[in-house]
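Reading through the structure tokens given below for one structure.
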Amino acid sequence: MRRTSVGFRDSGGRRPRFQSRRTAHFTESVIREMTRLALEARAVNLAQGFPDFPAPDFLKEAARRAIAEDLNQYTITWGAKPFRDAIAAKYARFYGLEIDPEREITVCCGATEGMIASLLAVTEPEDEIVIFEPFYENYGPDTYLAGARRRLVRLEPPDWSFDPAELRAAFNRRTKAIILNTPNNPTGKVFSREELVLIGELCQEFDALAITDEIYEHILYDGARHIPMMTLPGMRERSILVNSMSKTYSVTGWRVGWVIAAPDLTDSIRKVHDFLTVGAAAPLQYAGVAALSQPEAYYETLAADYARRRDILLEALEAAGFRYWRPRGAYYVMTDISGFGLRNDYAFVRHLIEVAGVAAVPGSSFFEDPSRGAGMVRFCFPKKYETLREAGERLKRLA
Ligand code: GLN
């Protein structure tokens, strides 16, 4: 491994001696690499999406209590019963979904494990997985590790819409599932009911599943609404819903997530989950009961605070000469850097770290073909207002 000025990696064509074929196709996470670079360069980290503000007091207190009460041993592998009950109750309250906590929920180590456990549970080698591009970088390695093939469908700015004909053409008899992330990382798109219905109809026509990453479900702007695919006609039995506490309750380091799916799917997912990780952190699951039982007002405040953060960042980006696509959900903004005249997104991020002291994620890490993302950079904004203002001051150095 060779390191360039700010640490971007270049393997120089060499492969480690002991490397399985299944790991040869992907590199380490660019998002997480950017966090390391930001720390090294003391840059404001608008790369990896995690809060720099405190987690809610009620939740920290609940976790302390759970540890003090000695809820410190393994829970049942698919999750502590009170936590599964709280998850089921929340989906009933918000979406009118009836979920059986005994047979349809698997608690896992974050949505990251939920996604890969689901893929490993349902795919055969050579199965195809449809993914919208740009996509959250984990879905690439996830599909490689599952041995599945990706079929990409483009989301096009400014509104990140897709061509229904292109989507239809991506489905065939080998399609096992579509991965759908709404609200979407990195684009901020929130899929509409019409779009979801269309996707659901294709799943039914081609006997495929919808694996939905709904981790940003409560982070919505400008009146956008989140609709779980599982609530649509014909999709209750065909959807695998992946979510976690990370973003909604500002505890990305807790690694507590869940997967909701019909009992036959859940049986397979639980088997994979059991042997991958046994279970998620027990006291944090018990604390999670307090989180999932929060009243409506908690989620309203969360969304309102994020709207304010978004507006601070968008204003700063505009002042610094960026063009961007306004997000309607999640906490990222994709920007168009073509006006800055740098060679590509990597060169731009390097420049951004060195000159402005702000870190972001090169757009190409969300695309299979890097050239398609070479004119884009993603900024995240789950940060204190003062962090975002500081980033805004620093971005002025780009002028
Ligand atoms: N989901 C966050 C992002 O896209 C964090 C990614 C990660 O490191 N797990 O930035």
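Once Rh for segment 102-183 is found with the Kirkwood sum over Cα pairs, what is the Stokes-Einstein diffusion coefficient at 4 °C and 1.567 mPa s, in µm²/s? Using the Kirkwood radius from Cα pairs, D works out to 95 µm²/s. DSSP beta bridges fully contained in segment 63-204 are about 10 percent antiparallel.
Based on Cα coordinates alone, diagonalise the gyration tensor for the chain, multiply each eigenvalue by 5, take square roots, and list the semi-axes in whole Å, largest first.
32, 26, 22
For segment 156-261, the percent of C-alpha pairs falling in each 10 Å distance bin, counted from 0 to the bin holding the largest distance, reads 14, 45, 33, 8, 0.
Taking 0.692 mPa s as the viscosity and 37 °C as the temperature, the Stokes-Einstein diffusion coefficient of segment 321-366 based on its alpha-carbon Kirkwood radius rounds to 289 µm²/s.
Which FRET efficiency, nearest 0.05, do E40 and E194 yield, Cβ-Cβ r, R0 45 Å? The pair E40/E194 has a calculated efficiency of 0.50. The distance separating the Cα centre of segment 254-325 from that of segment 133-160 comes to 20 Å. Taken as entire DSSP H runs, the helices of the chain that both span 27 Å or more between Cα atoms along their own long axis and average -1.0 or more on the Kyte-Doolittle scale are 296-319. Taken along the Cα-to-beta-carbon direction at a fixed 7 Å, the label points for A92 and L145 span 3.4 nm.
Computed over segment 9-124, the quotient of the alpha carbon radius of gyration and 2.2 N^0.38 Å is 1.49.
For segment 31-79, which chymotrypsin sites (Phe, Trp or Tyr not before Pro) are in a loop by DSSP, counting at most 15 other Cβ atoms within 10 Å?
Within segment 31-79, the qualifying chymotrypsin sites (Phe, Trp or Tyr not before Pro) (loop, at most 15 other Cβ atoms within 10 Å) are Y74.
With a ≥ b ≥ c the root eigenvalues of the C-alpha gyration tensor of segment 246-339, is it rounded (a/c under 1.5), prolate (a/b larger than b/c) or oblate? Prolate.
Taking 0.36 nm per residue of sequence separation and removing the Cα-Cα distance, the S161/E126 pair yields an extension gain of 9.8 nm. Shape annotation for segment 268-399: C-alpha extents along the principal axes are 50, 36, 25 Å, from largest to smallest. Between the beta carbons of D336 and E69, assuming R0 = 45 Å, the FRET efficiency works out to 0.30 to the nearest 0.05. Residue-normalised convex hull volume from the C-alpha trace of segment 194-316: 148 Å³ per residue.
Could you work out the Kirkwood radius for segment 52-98, taking every pair of different alpha carbons, averaging 1/r and inverting it, reported in Å?
Working: mean 1/r = 0.0784 Å⁻¹.
Averaging 1/r across every pair of different Cα atoms and inverting gives 12.8 Å.
Find, among the GluC sites (Glu not before Pro) in segment 184-251, those assigned to loop by DSSP (not H, G, I, E, B) with at most 15 other beta-carbon atoms within 10 angstrom. The qualifying sites are E237. For segment 120-191, applying the loop criterion from DSSP together with a ceiling of 14 other beta carbons within 10 Å to the GluC sites (Glu not before Pro) yields E126.
Our summary gives the chain a relative contact order of 23 percent, counting only alpha carbon pairs under 8 angstrom and 6 or more residues apart.
Relative to the current alpha-carbon distance between F275 and E61, full extension at 0.36 nm per residue lengthens the span by 73.9 nm.
Each reported figure results from applying straightforward, stated rules to the coordinates on display, with no laboratory input. On a predicted model such as this, the values are computed, not experimentally measured, just so you know. Using ideal geometry, Cβ is built from the backbone for each residue, glycine included, and neighbour counts are taken over all protein chains shown.
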